[in-house]
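Please treat every number below as a calculation from the coordinates, not as lab data. These numbers come from a predicted model, not from an experiment. Every residue, glycine among them, receives a Cβ derived from its backbone with ideal geometry; neighbour counts consider all protein chains shown.
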């Protein structure tokens, strides 16, 4: 987590000699033929060593920030007679725009400044000091780990872009860094905001003008001490430097290169012709893991056109299509950065992806069989290279959920639960959003789920109230954390409305599952409905005093006190049995009750061939009490009405 | 995760074990007995997992390719033949190949090696293989570590004393070490008999084939679930946090989001029984609504649940595990900051479900999403210069684009300390001015010389004119007066 690549300090030499020309000439006066007569073309421009160093280091940072928007931090330091520290380790400082603005303020080196008082050494010392400074991430880890805080490591890398005098000069710079580390580590040991450096990689890049012989020799990585290793790269300014830093950013951050080939693009001049282009992308090398392990890498790879040094894997563009099945076998997604960000093919590809399209990528195989191995797609303005599983999946041919537990139950409240899910959807809240009880947003979401599910029958035949439009206002409000007086009023109105329905003897969508007959009588239906409503409201009565008032309202308004009901029920049971045979004929008429009866019919019909299941449904913990009692009473009575219908 | 069983069919497996009672057994019989027990266990508790049976001696042979049909595997066990000597290296290479061919290199796989611990003699013996392990050329490397994530379980039809008497135990231990320590050696305790082989395979089953039962919870709605393949513990950071994280058996569904992509490994949920089940309800609604549910698997470890249908109209509830961490998908932000949409001042999904708070945009745009300036290649610089000149020739119509491009070049040149370019650009603009035709709009000349002058001032480094955030604005002329549309 806190490897050497957590912290990168750039030290760029701003001494007078860096103002020297790189001697790479760029023709920017490209006269069109018709206009060129009699005009003397402008002399080509050439970048200074400083300009070359800046633009290549900015390119390094651009790629780094694209692929690692967090956790990998850059501290940019410019050195002349003094030190200019252009940003900090803070995450908010990690973007090229801020760095460019700061660099503009520094400006190019002043060739007339006294070379005696200028040195890159000031910058190197500052870089070591900076590596000792704790980052937000290190701080957070140390705070959360408490007693094992010493596990949080402090490592870093210094990339120094300079123009050295000789190998001896280079050794002097290395010695200085080593000494400074030792000094700073002593200081850091006694401070909270500083950490001693455990490991530091010094990467010295000596830049010299084109056409000159180098005075500094390349040197592979060498351990100077247990804490410090150093390597020296001697590079000509211009494109050599650019490709060197491109290779370094790949090495330093475990990146790999993929070239998308065969991208069809409309020609600018001839709109109806199209040519094929290539675009090279960088990303974490894990996106190539399958190739590396299977040994396909060298086969799939070719050499990159630009650097001639590094390998790139070539993948072929496939006609875009989005098929969600492919997404399910995605095994990883990695951020990308185009190597040549503002070239026309690159920006064409990236804009295509940023506009929400996806591109499937095909692995070229000798055999000619087509294997889709990757996909490019963007999420929230960032482009990701997705790795798709191109071999057999262990998830193939999964059994249907209907073969499993509860799979044969057919009257789940699918639509209602869909509504429930929409009401419980999540949304991001700002970091500081913690409520009065100190709960994070996600804890609030969980507590909302708990409230909303205190009474939630899963199947239609287990509930009456959730099948009634009239109950909806109360059911929606009662689950809330707080109720207003107006909410209580709405709930009370719902209750009054139900009382009114009962007075008018409106039919109710009572489930007849488990009952052999036409189901309970009208007053019995209302008793079941009131009981269920009470169960719902009782589950929330402890939430607030206003919730309590809703329950009081129900208790006051509901038809009959339960004891009386119980006595009456016992009497009627006998009565029902006697009436049974003659009532059968009337059942068919009465079935036209409500719109819900259609739904219930299905339930009843299913019940015929699944008699054995009735027991199970009744015993489900979510079954409302009244139903548990009632169907059992009813089962004693015989003759399903459906039979007489046929 | 799939299992490859590698069964020793060398002659030494036919050695009889010391007789106790009337029945006489060969070691092979004990091996078959143990594997039968394993297959029976898998047929009951792991029927969605694939298993393959490979037998080996000096050669190796796939007896049953990867299958969920445990009858076929059992049948193959009943029809084993005996061969010559033990050559483990070739067999391990064979297993490595068949696993890679079938599942690639990212799918974890368990390899169960059943052997009597007589690991061959001379060339082809494990001892010989291990002695030469460091002297291999590229294409004859020792097959371990396997290129796919793996566990190597060695089931010895022998007891530990027997193996320690020779160097067999050392060699087997070395084998596990070569596989990165991923695996374990099981030996038989006490006399070699059916009971001790059962007890040994029982230990393997407990270790590697225990079914993953969990409770899926959404508030007060719950369901018992079994997860296939079993989610394995993950170690995220060896250094700071070396403890492997395990999936808690209490899955807390924490709400639903409306994204529809999946990453990371996937598991199938499978249950058995008939009473109403929350999983079926959840699955049905997720499918109808096209939604996914976020599920918490442990502290700072999340996944998601969704309905997945294969091509044959069968669908099931799938769980995808995200990489452990507080922010597994960048476009969802920190999971702990996701709260009920009803708490927001305004419904983030819109009154008619037309909006979504996702994906969350990053604070800073990526380089490819902002018009960055890169002049590493000469062509990049030339394109930018030409763009300005093209617009310069179409003044005053293109005043706005002309100044936009000019300012982009100016900013980059200042940041790169490339003042020489500013001077050259100024000269190019001045020359354009002299090349204007008589019919050109008079405003063009004013704008060109104004722009050229501003660039020259910036190239002087004078802080008044060279400020990075400063923009050159079009000159207000009599000709451009009123036509404010063209101004920046």
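Worth pointing out:
- For chain B, the relative contact order is 8 percent, taking Cα pairs closer than 8 Å that sit 6 or more residues apart in sequence and dividing their mean separation by the residue count.
- Cα-based helix-to-principal-axis angle, B:442-459 vs chain B, degrees rounded to 10: 60 degrees
- In chain B, helices alone account for a calculated mean residue ellipticity at 222 nm of -10500 deg cm²/dmol, with every DSSP H run of four or more residues adding -39,500 (n - 2.57).
- Bridge type composition, the stretch B:1-89 - antiparallel percent by DSSP, nearest 5: 50 percent
- Backbone N under 11 Å from the residue B:139 label point (7 Å along Cα→Cβ), restricted to the stretch B:70-112: none
- Rounded to the nearest 10 degrees, the inclination of helix B:194-208 to the longest alpha-carbon principal axis of chain B is 10 degrees.
- Take the Cβ atoms of residue B:397 and residue A:139, set R0 to 56 Å, and the FRET efficiency comes out at 0.50.
- Shape category assigned to the stretch B:89-202 from the gyration tensor of Cα positions, a/c cut at 1.5: oblate
- In this simple spin-label model, placing a label point 7 Å from the Cα along the Cα-to-Cβ direction at both residue A:193 and residue A:422 gives a separation of 5.3 nm.
- Shielding value for A:202-214 is 0, the average number of Cβ atoms from other chains within 10 Å of each residue's Cβ.
- Look at the alpha carbon pairs under 8 Å that are at least 6 residues apart: their mean separation over the length of the stretch A:1-121 gives a relative contact order of 38 percent.
- Rounded tilt (10° steps) of B:278-289 against the dominant C-alpha axis of chain B: 30 degrees
- The distance between label points at residue B:195 and residue B:371 comes to 8.5 nm (points 7 Å beyond Cα on the Cα→Cβ vector).
- Antiparallel bridge percentage (DSSP; both residues within the stretch A:190-247; nearest 5): 25 percent
- Per-residue shielding of B:430-438, expressed as the average number of other chain Cβ atoms within 10 Å of the residue Cβ, stands at 1.
- Estimated FRET transfer efficiency when R0 is 56 angstrom, pair residue B:354-residue B:379 (beta carbons, to 0.05): 0.80
- Mean separation of Cα contacts under 8 Å, 6 or more apart, over the residue count of the stretch B:359-488: relative contact order %: 25 percent
- At full extension, residue B:434 and residue B:160 could sit 88.9 nm farther apart than now, given 0.36 nm per residue minus the alpha carbon distance.
- Measuring r between the beta carbons of residue A:150 and residue A:254 and using R0 = 22 Å, the FRET efficiency lands at 0.25.
- Inter-chain Cβ neighbour average for residues A:21-29, partner chain, 10 Å: 4
- Peptide ranges A:276-287, A:156-167, B:185-196 listed from the most packed, as the mean C-beta count within 10 angstrom indicates: A:156-167, A:276-287, B:185-196
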